[in-house]
Structures are given as C-alpha cells and as structure tokens.
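A.B. asks: Have a look at the structure that comes next, please.
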Amino acid sequence: RVKRGWVWNQFFVVEEYTGTEPLYVGKGDGSIKYTISGEGAGTIFLIDEITGDIHATERLDREQKTFYTLRAQARDRQTDQLLEPESEFIIKVQDINDSEPRFLEGPYIGSVAELSPIGTSVMQVMASDADDPTYGSSARVVYSVLDGEQHFTVDSKTGVIRTAVADLDRETQDRYEVVIRATDMAGQLGGLSGSTTVTIVVTDVNDNPPRFPQKMYQFSIVETAPVGTAIGRVKAEDSDVGENTDMTYQVKDEEGVEMFKVTTDSNTQEAVITIQKPLDYESKKVHTVVVEALNKFVDPRFVDLGTFRDQTIVRVSVLDVDEPPEFRPPSNLMEVQEDAHIGSVVGVVTALDPDTANHPVRYAIDRSTDTDWIFDIDANTGAIVTGKVLDRETAGWHNITVLAMEAGSAARLSRTLASLRIRILDVNDNPPELATPYEAAVCEDAKPGQLIQTISVVDRDEPQSGHRFYFALAPEASNNHHFSLLDIKDNTAAVHTQRMGFNRQEQDVYLLPILVVDSGPPALSSTGTLTIRICGCDSNGAIQSCNSTAYVVSATLSPGALIALLVCVLILVVLVLLILTLKRHHKSHLTSEDDEDMRDNVIKYNDEGGGEQDTEAYDMSALRSLYDFSEIKGGDGSGGPGEGGLSGNLASELHALPQWVQSPDLDFSVFRDYICKKVEQADEDLSVPPYDSFQTYAFEGSDSPVPSLSSLNTWSSGSEQDFSYLGGWGPRFRQLAALY
C-alpha cells in the first residue's frame, strides 16, 4: 500500500540457485516490523524485519516442488499490532533444463516380416522429460537413430521406428539391435539426451522353396516284401521355419505311381516310400521313381521368386529270394464222375518255380485234408487220380490241399499250398423208392373207383434234366381185382378201389406191390408195397375199427356192461384203502398209550432230592423198577393182565431190589439200556411222533472230563470226601467250590 510505504508481490526464484542478493519485497519507514510464515518460512526463506527483503537459503528443485505458499504480516514496531490483515503470497520456482529425457517403458522388442517394403512401421518408442513443458524448450524431445540407421529410421517427433530398406532377409540375419536417442531443447545445442536399445526380430515368410540335398537316392528291398512295407525315407530341406516348412510329397512318373506310394511324415516332414504292388525280381530288377516335394502353404506375394517345388530320383533295387513254386493257372475246381474207376485221372495241377534257377517241382496231397486217401497225386506230373470208389450220395464235394515244393528242398519256405475243390458228378446208380412205407385204410362198404392213397417216390440221384418216374403194379399183382393204380404223370400215382365192398372177416389186410421206374440212363426200378387195411366205418364214412378181434369183442360187450365193470373195480379199491387206514390208526393209538405211561414215569426223575444225607425224599428203587417195565407188564405172573397182576409184580420187584447204598462200583447200565430201548422203539414205529421227553434223556458216562457232582455218584461220607480238586477248575467254578 503506497500510502504506508510498503507493498506485497508474487516472487520468483530460479531453481538450483542460492542468491546472495535479497529479493525486494517492500520499503518501510523504520516503524514497521515484517514477518512471514508458511511453507519453508524460517528454514528455506528468511525475511529482514526492517527492510522486508526475502532471501532463499537453500537450493531449490522445481521437479520436486514447483511453488511455495507463504503468509506475510506487517506490525507496528512500537505496539506490535497488525497494520492490516495477514496477506498470502506465492514464491514460484523457475525451471531450468536440468533433467534429461528418459525411456521409461523399455526394454523394447519389436518385429517385422522379412522382405517388408521401405517405411513399414515396426514399433513406437517414447521418452519423457521431467522439466516444465510450459516454460521454454526444456521438455521438448526429438528422436534420432544412434546405431542401426542403415536398416531402420525413427520419426523425430513421434518416435515411430520404420524400415529403411526392403531387403531384410531372415535367413541372413533374424535380429537387429537399434539404439534410439531422445534429446530435449528440441535438439538445440546444449540440450540433454537419453538413449535406449530396441531389439527388432525379423519374422519368417515363405520365400524359400524346398530343396533336396541329393538329386538321387538308392534303396533296396527283397522281392517278397509285403505290400505296405516302407522302402526308405527322403527329405527336402527348407530354409524357412514354422508352417512355411510344411511339405507334401508325390510320385510324378507313371511307373512309380503304379508300384510305389509316397506319404508325408507330419512330425519329421519326410517322404516315406512304401510298396503299393508286389515286386518281382524276375520281371524287373530296378525301379526308378521320381519324387516331388512342394510347400503346403505358398505365399502368392512371392510366386515371382520361382517355383516352390523340387524333384529327386529314387532308385529301388529288387533283391532276389528263393520263392516257392506258383500254381498256374490258379483254377481250384475239378469234376469227376462218381462211377470212375480207381486210378482214373481227375485233373492235373501245374506249379512252376518263379526263380531264375527254375528248379523242378514235386507234388503231394496234404493228408490232413484227405484222411481216407480217396485221391492220389503223381509227384512228378501233378496228375490227381482216384484212390477209392466214389459215391456222390455219400460225399458230393471233396476239398483237398495240394503241396508243391522244389525238388531237393525240405525248407517250408520253398513249398506252397493250393486248395482244390473236387465235385463228384452224378450217375444214375440208385433206383427210386417209395417215399415212406405207405399204409392205407378202406371201408368195408367202399365203392369202386374210390381214391385210397397217393404214392410219391424219392431218388438219391440228381439228374441234370430232373426226375421222371413211372408207376405200375408189379407182375405178381397181375391177378389183382381189388385195386387199380393210375400214373398221374407228375411223379406221383393214385391207388383206387376196383370192386364193390370188402369183408374184413374174410381178409382184413391187402399187400399191393407197386413197381417204380426212373428215366435213367440206365433206367432203374424198385418194388414197394402198399399195405391196405379193411376197416369198419360209420354211416358218414369215418373209420371205427380196423381190427377184426376188436370188432368181435365190441359186438359181444355193450357199453353199459363196461361201465358196470369199471364201477365194481373202483369200489374194491376204496374198500382196500379204508381197511388199511383203520388198521394203521388202531396200531398208532395203542403205541401212543404205552409211550405216554412210560413218559410220565420217566419225568418223575426230574424231582430234586435233599442231597447226600436225604435218603427219604425219593426212593431210587422205584426208578430202577421201571427197567424191563414192558416185560413185567406183559409177563405171565400170578397177577395176570389186570391191575392185580401188575401191582404184585411191582411189589415183588421193589422188595427184590436192594436199597441205595454207597458203593464204589456204581452201575448206570440200567439207565443207558432203558433209554436206548425207548429210542429204538420210537425209531421203528413211524406212527408215533417224536416226543420231546425222549430228547431230554442223557447219560453222562464214565469218560466225562469233569466228575459228576450229583449225590448219586458219591461213595464216601461228607467228612471223608476231599473237595480240594474243585480249586483247579478256575474262577468260573469258585462259587460252586465254596458251596461244597
């Protein structure tokens, strides 16, 4: 403010410079005190309180901070009061060219196709400068090629790299290292610069045709190699890479196309030559094949560079081997009449040695195909003759195998096989016969001319012109006046009645001989017999019976009598079954009552006594008295069969048995025998069901591993018996031992 003699402004300070001269801020009259605050106040910037001059005490860098904001105060020196509100001002750092251009996106890798035209864009590079782009030319960058300018150029403003030549060849050099420089100050003198290296890869195009390293290849193969065998491999070289080296191969000459086949191995790009037709050393020893290689993918831009194909000659030598004989001609069918005599020639087989040596051939028949030795063969001429009498009706075809082998060679490789089919031709050697043993029936009241039977025949022969049969009554039937035979001319004949009515009481069966003749040559015949039975028929002509005996029986026995006879037989059968059932039921009832008594008595044995000292709780003699109970009950004692007899026997038996005493010789055979006898009775009587009480019988026996604890087996008093052995039975019997 001019009236007070001081002023505030916006100031500038040059970066990277520490000035000794103060920057003029304002002029006071000595009574004003100046102070500043804010960014850098008191450290970077100092102010003279009296004059208001501001000094920068450090080097400033615009690239780190472009300006500083401070606040200034003017106070009365005497009263220290603000003369006006606090003011804000800015100190800007003025830029100088102190930062060089930098390539921040490196390293750079680009690519360009070979043979690209001049000016083809490869890639773009870009450098950045940290200086102030709004002040001067410090941040204005230009580009140039420092190394590699003979092949590439760079746009000075945009940094786009382009090709400088049109003959870049990947096969010559596939990679270039180009150095690009960026300079600020628009390239003027004194500007700063930076550089980077750009790697440019030259990519492949299909500009090279395939080439065979050799103009001729030689291979050899044996003449017996099967079709499809690989002879060898050839490969054409291609300087290109990737799919530009993919090739196809083909045979160009006519002879090679017929004999050989060429395929491409997709993995190795080789031509595989294989046999397409069988080779023959005797026919041709050397084959020449022209193989052509061509690129699969051709770039039309480079067609003018020349043909993208190449040819080579493959020479195949055929090696001779000892081949087996070959049958000529290969016909495998022969025919012979079935009436041919033994030794007749059926046909001749011929085999030749295809080798140059042309060894003689010997022949033989594989006997596994002719086990009956029906045919023989001449070992020298190959003539096949009959060895046995032939019969077409038994076997119309014969399949045999003929072996041909070089004379004097036992090796299996020198022999060959030929399957031969021999057809046996038919001759008329079998007479015709009736198709079946015909039997016919005719009613007693048959009328003349009535059809009885149609006759057909069979013939095992098969003439080429077909069968034709003729029928007639045999000469021995010339006096026949009962039946007639009519040849229908279709290989069948019909038999008719020739008289009115028949009487089966006089004759019930007629045998009619029929003569059958075929058409030959020579004509053969046979005689068959038609059996005709005379039968009784009802009014409708339905046959009732053809047996004279049956007819007589049926006439004397009426249907009612037959029914009565059947009813009587049925009643007798029912009575017999009823008697058997009653007897079986009565026997079952008696047996059940006896067993029930025995069962009740035995069950009483389950009563438990009072121990060794208790001799009154149960009388063992009563149990022993049950032994031989059946004998007591059925015996002839004084008591007889009634209850008195039974009581007397029981009483006498009870007094006869001694009372129980302690004896070391105990006899349990009584119980064992009783139980076995009851089981045997139950097994023999099938009408008695198996009572469960029988299944509870048991006898321990003398071989038990643990002695019985029952008082029945004790022969000493309680004071004399030693129970120490109970301790050896283990913890499971500890409680039982304590009780004893």
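The values are calculated or read from the model by the stated rules, or taken from the named source; none is laboratory data. Just so you know, these numbers come straight off a predicted model, no measurement behind them. Neighbour counts run over all protein chains shown; Cβ positions are idealised from the backbone, glycine included. Side chains included, ligands, DNA and RNA excluded: accessible areas come from the protein's heavy atoms. Shrake-Rupley method; radii C 1.70, N 1.55, O 1.52, S 1.80 Å.
A.B. asks: Within segment 205-215, which residues are open to solvent by less than 60 Å² (accessible area, probe 1.4 Å) and out of contact with any Gly (no Cβ under 8 Å at 6 or more places or on another chain)?
C.D. replies: Correct list: V205, N206, D207, N208, P210, F212.
Here is a yes/no grid of residues against (1) at negative phi; (2) in contact (Cβ under 8 Å) with a residue 60 or more places away in the chain; (3) acidic (D, E):
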position	(1), (2), (3)
D429	yes, yes, yes
P437	yes, yes, no
C443	yes, yes, no
A474	yes, no, no
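A.B. asks: Shifting gears a bit: Can you find even one residue in segment 233-248 that is of a type in the set (D, E, K, R), open to solvent by 50 Å² or more (accessible area, probe 1.4 Å) and farther than 30 Å from Q276 by Cβ? Even if it seems obvious, please write down each step before you answer.
C.D. replies: So the first thing to find is which residues in segment 233-248 are of a type in the set (D, E, K, R), and the list is 233, 235, 237-238, 240, 243, 246.
Cutting the leftovers down to open to solvent by 50 Å² or more (accessible area, probe 1.4 Å) gives us 233, 235, 237, 243.
Then keep just the ones that are farther than 30 Å from Q276 by Cβ; that gives none.
No, the conditions are met nowhere in segment 233-248.
A.B. asks: Let me ask something else about it. Please state which one of R140, R211, R170 is in contact (Cβ under 8 Å) with a residue 40 or more places away in the chain and within 30 Å of V318 (Cα to Cα). Let's see the steps before the verdict.
C.D. replies: Values: R140 fails: within 30 Å of V318 (Cα to Cα); R170 fails: within 30 Å of V318 (Cα to Cα).
Only one candidate passes the filter, namely R211.
A.B. asks: Let me ask something else. Report whether or not E84 is assigned to a loop (DSSP other than H, G, I, E, B), at pLDDT 85 or above and not β-branched (V, I, T).
C.D. replies: No: the conditions fail for E84.
A.B. asks: On to the next question. State all residues of segment 90-119 that are surrounded by fewer than 16 Cβ atoms within 10 Å (Cβ to Cβ), of a type in the set (V, I, T) and either at pLDDT 90 or above or within 30 Å of N206 (Cβ to Cβ) (or both); if no residue qualifies, say none.
C.D. replies: Within segment 90-119, I109, I118 meet the criteria.
A.B. asks: Pull out all pairs, ordered by first then second residue, where Cβ-Cβ is under 9 Å, the residues are six or more apart or on different chains, the first lies in segment 294-310 and is at pLDDT 75 or above, and the second is surrounded by fewer than 15 Cβ atoms within 10 Å (Cβ to Cβ) and in a strand (DSSP E or B).
C.D. replies: Note: pairs meeting the criteria are D310/R211.
A.B. asks: Could you tell me which numbered condition F152 fails, if it satisfies all but one of (1) closer than 30 Å to D238 by Cβ; (2) in contact with an Asp or Glu (Cβ under 9 Å, 6 or more places away or on another chain)?
C.D. replies: (2)
A.B. asks: Among (1) outside the structural domain of T416 (by the TED database); (2) of a type outside the set (D, E, K, R); (3) modelled with pLDDT of 85 or more, there is one condition I365 misses while meeting the rest; what is its number?
C.D. replies: With (1) outside the structural domain of T416 (by the TED database); (2) of a type outside the set (D, E, K, R); (3) modelled with pLDDT of 85 or more applied to I365, the lone miss is (1).
A.B. asks: Sticking with this one: Specify which of the listed residues (Q64, Q124) is at pLDDT 90 or above, open to solvent by 30 Å² or more (accessible area, probe 1.4 Å) and within 27 Å of T183 (Cα to Cα).
C.D. replies: Of Q64, Q124, the one residue that is at pLDDT 90 or above, open to solvent by 30 Å² or more (accessible area, probe 1.4 Å) and within 27 Å of T183 (Cα to Cα) is Q124.
A.B. asks: Taking the options D322, D280, D378, D372, name whichever one is farther than 30 Å from V222 by Cβ and in contact with a strand residue (DSSP E or B) (Cβ under 9 Å, 6 or more places away or on another chain).
C.D. replies: D378
A.B. asks: Among the numbered conditions (1) in a loop (DSSP other than H, G, I, E, B); (2) under 25 Å from P133 (Cβ atoms); (3) hydroxyl-bearing (S, T, Y), tell me where Y68 comes up short.
C.D. replies: With (1) in a loop (DSSP other than H, G, I, E, B); (2) under 25 Å from P133 (Cβ atoms); (3) hydroxyl-bearing (S, T, Y) applied to Y68, the lone miss is (1).
A.B. asks: Search segment 436-463 for residues being part of a strand (DSSP E or B) and among the hydroxyl-bearing types (S, T, Y), and hand back the single one that is farthest from V495 (Cα to Cα). Step through it out loud before you land on a result.
C.D. replies: So the first thing to find is which residues in segment 436-463 are part of a strand (DSSP E or B), and the list is 439-443, 451-458.
Within this subset, residues satisfying the condition of being among the hydroxyl-bearing types (S, T, Y) are 454, 456.
On the way: T454: 6, S456: 11 Å.
Result: S456.
A.B. asks: Would it be correct to say that Q218 is open to solvent by 50 Å² or more (accessible area, probe 1.4 Å), over 20 Å from V272 (Cα atoms) and touching a residue at least 12 places away in the same chain (Cβ under 8 Å)?
C.D. replies: The answer is no for Q218.
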